[in-house]
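K.L.:
Mind having a look at this structure? Questions to follow.
The values are calculated or read from the model by the stated rules, or taken from the named source; none is laboratory data. Just so it is clear, the structure is predicted and the values come from calculations on it, not from any experiment. When we count neighbours, we look across all protein chains shown, and the Cβ atoms used for this are built from the backbone with ideal geometry, even at glycine. The protein model used for the area step is the full one, side chains on, heavy atoms only, and it has no ligands, DNA or RNA in it. Shrake-Rupley method; radii C 1.70, N 1.55, O 1.52, S 1.80 Å.
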Amino acid sequence: MIPVRHTFSFLVADTTMRTRITLSLGMLGLVAHPPHASAAAADPEVQELTRLVKMQAQQIHELQARLSKVEKNAVHISTATRGTAAAHNAPLEPPKPTFRSPAFYPPVSVARTSPTLKSGPVEPVKFAGDEPAKSSPLYLDTRSSSYPLLPAAPGTFGAISNMPSGSAPVMGVASQIPTSNRSTTVGGLVLKWGKGLPEITTPDNAYSFRMRGRILADYGAAFGSRFPAQNVSRTTLRAARLGVEGNAHQLSWVFEGDYANNQLSVVSAFMTWSDKMAGHLVEYTLGNKFNERSFDGSTGSDQTVFLDRDLVASALLPVKGWYGLGGAFKIFGSNWHVATQITGDDVNSANVTNNVRDDLTYMLRTHYIPWRSKKALIHLGAWGFYEDVKPAATFSQSVRLLARTDDAFGLQFGPMVPLANSMAGGVEVFGIWGPAWGLVEYGARHMKLRDTVPGLTLSPRNLGAQGTEQAFSFQTGAFLTGETPNYFAHTGQWATPRILHPVADGGIGGWEVAARWDWIDATSIPTGGRAWTATIGVNWYLLSFARLMLNYTHADVTNKTGNYIGPNSGNIIGMRSAVTF
């Protein structure tokens, strides 16, 4: 009631002052010039002034009476307001229309009442009231963020600008740069920018929708092989992907189509239900989804440090491939996660004959962060899978050693007796120290060939044979411009780095140098061979989601079968332009 009282008091005081000045001047004039008093009384202007004074005096009297009533009822109204929550929260009734003189109160401009566009920092997406505890390695106090940005603590969401591309849009927390993203509110919806394309959300983030995708264009020039057919120079579109994602409260979904290797295919096509279990965030997923398998193997093609994943990820691969149609369950802690998955073939596979079952694969991966500081962390991980392979005519595998622009140069074994089943597993150790990082991976896959094959056209000597292929990888790198390595602690994999000085803001971008050595031995498998590769690379991040890549790889391989038998070596210089939105 205090604002109302002050308003009335101001009106009364203002009107009273004008009236007193007018009456005083009029009386002073009459007293000072009595001969003109009668003449002045007959003057039309004086008559009008007298009428106005009388009218204002009546208004003053009415305002004083209303103010007296307000002051008497103020105590009762204030008490009732404090004592009744419903009355306090009830919407106020609109004021009754009043007539005002256009001379003193001009009409309000329409532009002043029109809705205005508001821009400001994007608020972190929250799910079901979930927010990492301050003791969690995932926690980042965005209120203290500043621009230009500073290196973020490893393992926090401030260290990255986006969640991994294979993730569902709702994971309990957001990972975006609060000072570089912007939002615009239009008609009750929030239009968020900062990931390459806008995202439309409701103010409470209960509903969202956005487009997503990636464009990876490669060029490679191979040389040095003793087989001329392997010395090729060509371009290829590694990925041209477009999709949509969204969420409705706890339900999120993703659908993406991809054009690669001159083929159109469906990649991500799944829905995820997020919930809480014993205080931990959990996810239930159904659909066609990217598999979790090793550190590099769990990362999307747009977020790996090198043009291709390491040999642990590329060689120890289930027959069904990188994707599978089925169900997955994940549970997350403050410094760990466990992911399980049961899938068949992906949606793009086709059986050669009618009514042939899928390749069934059971997968598990987990990671744990035993130690972390403001500048460093250690990641430990383990993974494994078992696959029951459907009947087939033959089995063969080709492991690419250089780049996707030279498919001919690789480790080849087979064709041989069809595979019955295989079991694989591996370990991973990852560490960060300031802007530098290092990753060690080892894995093995034990394969068993079928005992009997109807209508076998190959040599029967491999029936029931078994063998194991092993792979090892060591890679390391550092950001020369001070960024934190692009590690996503929530799931223990690569992600999109937060660039401190984007080119779009007049900076030099983010510069990263890296090196990797890989080794694979499949000599215990019929017709299997061995190989090793060495790669050095430079990545220039123009923005967090756009970069140019340059790799040089040398490979040495010994094949027992295929078109390029015997020892051989080769080199390739590869380049890529990549944008993820």
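K.L.:
Scan 251, 286 and give me the residue that is at pLDDT 95 or above, touching a strand residue (DSSP E or B) at 6+ places or on another chain (Cβ under 7 Å) and among the hydrophobic types (A, V, I, L, M, F, W, C).
P.N.:
286
K.L.:
Right, something else. So for region 264-277 (the condition being surrounded by 22 or more Cβ atoms within 10 Å (Cβ to Cβ) and not in a strand (DSSP E or B)), does at least one residue qualify?
P.N.:
Within region 264-277, not a single residue is surrounded by 22 or more Cβ atoms within 10 Å (Cβ to Cβ) and not in a strand (DSSP E or B).
K.L.:
Surrounded by 21 or more Cβ atoms within 10 Å (Cβ to Cβ) and outside any loop (DSSP other than H, G, I, E, B), is that true of residue 328?
P.N.:
yes
K.L.:
Right, something else. How many of the residues in region 441-477 are surrounded by 19 or more Cβ atoms within 10 Å (Cβ to Cβ) and under 20 Å from residue 307 (Cα atoms)?
P.N.:
Of the residues in that region, 6 qualify.
K.L.:
Mind listing just one residue for me: the one in region 550-581 that is more than 30 Å from residue 164 (Cα to Cα) and in contact with a His (Cβ under 9 Å, 6 or more places away or on another chain) and, of those, most open to solvent (accessible area, probe 1.4 Å)?
P.N.:
The residue in question is 569.
K.L.:
Any idea which of (1) within 26 Å of residue 318 (Cβ to Cβ); (2) at pLDDT below 95; (3) out of contact with any helix residue (DSSP H, G or I) (no Cβ under 6 Å at 6 or more places or on another chain) is the one residue 496 doesn't satisfy?
P.N.:
Unmet condition: (1).
K.L.:
Same structure, new question: Between 312, 356, 347, which is at negative phi, outside any strand (DSSP E or B) and buried (at least 18 other Cβ atoms within 10 Å of the Cβ)?
P.N.:
312
K.L.:
Would you check which residues across region 395-440 are open to solvent by 10 Å² or more (accessible area, probe 1.4 Å), polar (S, T, N, Q) and more than 22 Å from residue 532 (Cβ to Cβ) and list them?
P.N.:
Once the filter is applied, which keeps residues that are open to solvent by 10 Å² or more (accessible area, probe 1.4 Å), polar (S, T, N, Q) and more than 22 Å from residue 532 (Cβ to Cβ), region 395-440 yields only 421.
K.L.:
Now for a separate question. Scan region 510-527 and report the pairs whose first residue is farther than 30 Å from residue 435 by Cα and in a strand (DSSP E or B) and whose second residue is open to solvent by 40 Å² or more (accessible area, probe 1.4 Å) and at pLDDT 95 or above, with Cβ atoms within less than 8 Å and a gap of 6+ or a chain change.
P.N.:
Once the first residue is farther than 30 Å from residue 435 by Cα and in a strand (DSSP E or B) and sits in region 510-527, its partners that are open to solvent by 40 Å² or more (accessible area, probe 1.4 Å) and at pLDDT 95 or above give 521/470; 521/530.
K.L.:
Give the residues of region 533-549 that are among the aromatic types (Phe, Trp, Tyr) and surrounded by 17 or more Cβ atoms within 10 Å (Cβ to Cβ), sorted by residue number.
P.N.:
541, 545
K.L.:
Could you tell me which numbered condition residue 482 fails, if it satisfies all but one of (1) in contact with a strand residue (DSSP E or B) (Cβ under 7 Å, 6 or more places away or on another chain); (2) open to solvent by less than 50 Å² (accessible area, probe 1.4 Å); (3) more than 22 Å from residue 216 (Cα to Cα)?
P.N.:
(1)
K.L.:
Which one is nearest to residue 511 (Cα to Cα) among residues in region 293-307 that are touching a Lys or Arg at 6+ places or on another chain (Cβ under 7 Å) and at pLDDT 95 or above?
P.N.:
306
K.L.:
Could you check, for region 441-451, whether at least one of its residues is assigned to a strand (DSSP E or B), at pLDDT below 95, over 30 Å from residue 546 (Cα atoms) and touching a helix residue (DSSP H, G or I) at 6+ places or on another chain (Cβ under 7 Å)?
P.N.:
Looking for residues that are assigned to a strand (DSSP E or B), at pLDDT below 95, over 30 Å from residue 546 (Cα atoms) and touching a helix residue (DSSP H, G or I) at 6+ places or on another chain (Cβ under 7 Å), one finds at least one in region 441-451, hence yes.
K.L.:
How many residues, within region 337-372, are in contact (Cβ under 8 Å) with a residue 60 or more places away in the chain and over 15 Å from residue 319 (Cα atoms)?
P.N.:
Qualifying residue count for the region: 6.
K.L.:
So which residues in region 367-386 are open to solvent by 50 Å² or more (accessible area, probe 1.4 Å) and either closer than 26 Å to residue 257 by Cα or of a type in the set (Ser, Thr, Tyr) (or both), if there are any at all?
P.N.:
Answer for region 367-386, where residues must be open to solvent by 50 Å² or more (accessible area, probe 1.4 Å) and either closer than 26 Å to residue 257 by Cα or of a type in the set (Ser, Thr, Tyr) (or both): 368, 386.
K.L.:
Another question about this same structure. Pairs please, first residue from region 224-237 and under 13 Å from residue 564 (Cα atoms), second anywhere and open to solvent by 80 Å² or more (accessible area, probe 1.4 Å) and part of a loop (DSSP other than H, G, I, E, B), Cβ atoms under 9 Å, 6+ apart in sequence or on different chains.
P.N.:
So the pair list comes out as 227/563; 229/563.
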